[in-house]
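Asker: My questions all concern the structure below.
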Amino acid sequence: MTSRSISPVQPTIVAAKDWTPTSWQSKPIKQDVDYPDQAHLSKVLEKIGRLPPMVAPGEIHRLRQQLADVALGKAFLLQGGDCAELFDYCAQGPIEAKLKVLLQMSLVLVWGARMPVVRIARMAGQYAKPRSKPTEMHEGKEILSYRGDNVNGYDPEDRTPDPERLLGAYFHSAATLNYVRAILAEGFADLHHPSNWNLHHVKSSALRQEYQGIVDRLTDALDFMKTIGADPNAGGAHSESVASPLNTVDIFASHEGLLLEYEQALTRLMTDPTNSAQKKYYNVGTHFIWIGDRTRQLDGAHVEYFRGIENPIGVKCGPSMKPEELIDLLNILDADKRPGKITLITRYGVDQVDKYLPGHIKAVQESGHTVVWACDPMHGNTKQSVSGVKTRHLVDITKELSQAIRIHKQMGSHLGGVHFELTGDRVTECVGGSMELLDAELLERYETHCDPRLNYEQALDMAFLIARYQEKQRGFSGMMSL
């Protein structure tokens, strides 16, 4: 009797209708980069296409599940990081500083809302920036605009787009993610030491006392968990081997999907971790990727690319977005209306929120889509300072955020998260906050190569303000709202 080998069943490829990783090339494109040496570009992209994934489909699906909870009001989203990353930020100090501020902000938010916080860093890939003009004037000469470290150099003499910088973006992103994973595994996110927080920057003694009260209550809560045995890592013979949410967390990476040649090279057909009989397309260069306000044309290349990937997607939503256009966009990007697949990142400006947000909320409510609503109170509030540099005022940032919260509540919606441009360093780029930074002090440590960021102290200010509001919503009295 002879035996016959049985051929394994081949996984089914599941993809959006008429979509491939290259179908975007047939569409009109905005913010494209003109590389003088196309042969060199092709060689670099071929190399990137052979390099291993930086993230795994299982991680992407885990983020999708967490964002679904945010969309359903069961969790809160915190997304933050640099406006434009530099390759030089791929170093121990800057990485740890950024993680520290995101972790501390999230701990304050967890305490205030009593719900999980989903942490997404603008990190490990946020190297490209859209520009309003392809050129700028420098010392009376027209030169190409700086487009981010993965395109050209900030030095005026280094503005020619260089394909090798795309390889640099891959390796700097991979190194950043590798170190983030390593220090999280070693307990960098341990929540047992909130006393390490320095609140000396808070000039108002009353406000400093209130912030310290929050930290003290956090410490008491952790001590209580230790006492009753709810913290397996508080000590004991087996403490080293027991995983606990008190010393490790998920931190996901994100960036704006601007350079589609690069994104295409990192788009891979991989097994669905939830169904091994299917293969789907994932962008394995990051967990979360967003479309900017300048590249969200319905018939454009970026929307075409984004509609085919399994990653959760962000869409910047501002005054130029018509309600009917927003619904068309959601139907293209998420035809199946999956909760949390799309995060709408609103950015209007403090004087425009009341005018545009209600219409956008109403349109989404009528469409049947269940999105994550996140407020970006930074981008619409950029001003020219007396010092001659771009800045943002904390009072405007706070007002836009508070208005967004109020409007969502009035309309039976809920604000699910926030999106900040921030750094863990003590730069001086935004005016105000509890440290009372003045316009005249901006040039002391004005280091951004693009837009102004919240510094460490100002970022914590925003977390404390949101936590105070969330605490009040939970029924506590005697606390001020935003």
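Asker: Is the stretch 426-434 home to any residue that is more than 20 Å from the chain's Cα centre (by Cα), closer than 30 Å to ALA71 by Cα and open to solvent by 60 Å² or more (accessible area, probe 1.4 Å)?
Answerer: no
Asker: Also, I was wondering about something else. Go through the stretch 129-148 and report how many residues are in a loop (DSSP other than H, G, I, E, B) and at negative phi.
Answerer: Final tally of qualifying residues: 9.
Asker: For PHE420, all conditions in the list (1) surrounded by fewer than 19 Cβ atoms within 10 Å (Cβ to Cβ); (2) of a type in the set (A, V, I, L, M, F, W, C); (3) under 21 Å from LYS100 (Cα atoms) hold save one; what is the number of the exception?
Answerer: PHE420 satisfies all of (1) surrounded by fewer than 19 Cβ atoms within 10 Å (Cβ to Cβ); (2) of a type in the set (A, V, I, L, M, F, W, C); (3) under 21 Å from LYS100 (Cα atoms) except (1).
Asker: Please work out which residue is surrounded by the fewest Cβ atoms within 10 Å (Cβ to Cβ), limiting yourself to the stretch 27-60 and to residues that are in a helix (DSSP H, G or I) and of a type in the set (Gly, Ala, Ser).
Answerer: Residue satisfying both the conditions and the ranking: ALA39.
Asker: Here is a follow-up. Within the stretch 357-385, restricting attention to residues that are of a type in the set (Gly, Ala, Ser) and not in a strand (DSSP E or B), which residue is surrounded by the most Cβ atoms within 10 Å (Cβ to Cβ)?
Answerer: Top of the filtered list is GLY380.
Asker: Now for a different question. Just to verify a result, which residue in the stretch 176-203, among those that are hydroxyl-bearing (Ser, Thr, Tyr) and at pLDDT 75 or above, is surrounded by the most Cβ atoms within 10 Å (Cβ to Cβ)?
Answerer: Once the filter is applied, the top-ranked residue is THR176.
Asker: Name the single residue, out of those in the stretch 279-299 being out of contact with any Pro (no Cβ under 6 Å at 6 or more places or on another chain) and open to solvent by 40 Å² or more (accessible area, probe 1.4 Å), that is nearest to GLY58 (Cα to Cα).
Answerer: Among those residues, the one meeting the criterion is TYR281.
Asker: Just wondering, is there one or more residues in the stretch 459-475 that are in a loop (DSSP other than H, G, I, E, B) and either out of contact with any helix residue (DSSP H, G or I) (no Cβ under 9 Å at 6 or more places or on another chain) or open to solvent by 30 Å² or more (accessible area, probe 1.4 Å) (or both)?
Answerer: Yes - at least one qualifying residue is present in the stretch 459-475.
Asker: May I ask you to say which residue of LEU77, LEU63 is in contact with a strand residue (DSSP E or B) (Cβ under 8 Å, 6 or more places away or on another chain), in contact (Cβ under 8 Å) with a residue 12 or more places away in the chain, crowded, with 18+ Cβ neighbours inside 10 Å and part of a strand (DSSP E or B)?
Answerer: Of LEU77, LEU63, the one residue that is in contact with a strand residue (DSSP E or B) (Cβ under 8 Å, 6 or more places away or on another chain), in contact (Cβ under 8 Å) with a residue 12 or more places away in the chain, crowded, with 18+ Cβ neighbours inside 10 Å and part of a strand (DSSP E or B) is LEU77.
Asker: How many residues does the stretch 332-348 hold that are in a loop (DSSP other than H, G, I, E, B) and in contact with a His (Cβ under 8 Å, 6 or more places away or on another chain)?
Answerer: Qualifying residue count for the region: 3.
Asker: Also: Just one of LYS316, LYS337, LYS322 is in contact (Cβ under 8 Å) with a residue 24 or more places away in the chain and surrounded by fewer than 17 Cβ atoms within 10 Å (Cβ to Cβ); which is it?
Answerer: LYS337
The values are calculated or read from the model by the stated rules, or taken from the named source; none is laboratory data. What you are looking at is a predicted structure, and each value in this text was computed from that prediction instead of being measured. Every residue, glycine as well, gets a Cβ built from its backbone with ideal geometry; the counts of neighbours run over all protein chains shown. Please note that ligands, DNA and RNA were not included when accessible areas were found on the heavy atoms of the full protein model with its side chains. Shrake-Rupley method; radii C 1.70, N 1.55, O 1.52, S 1.80 Å.
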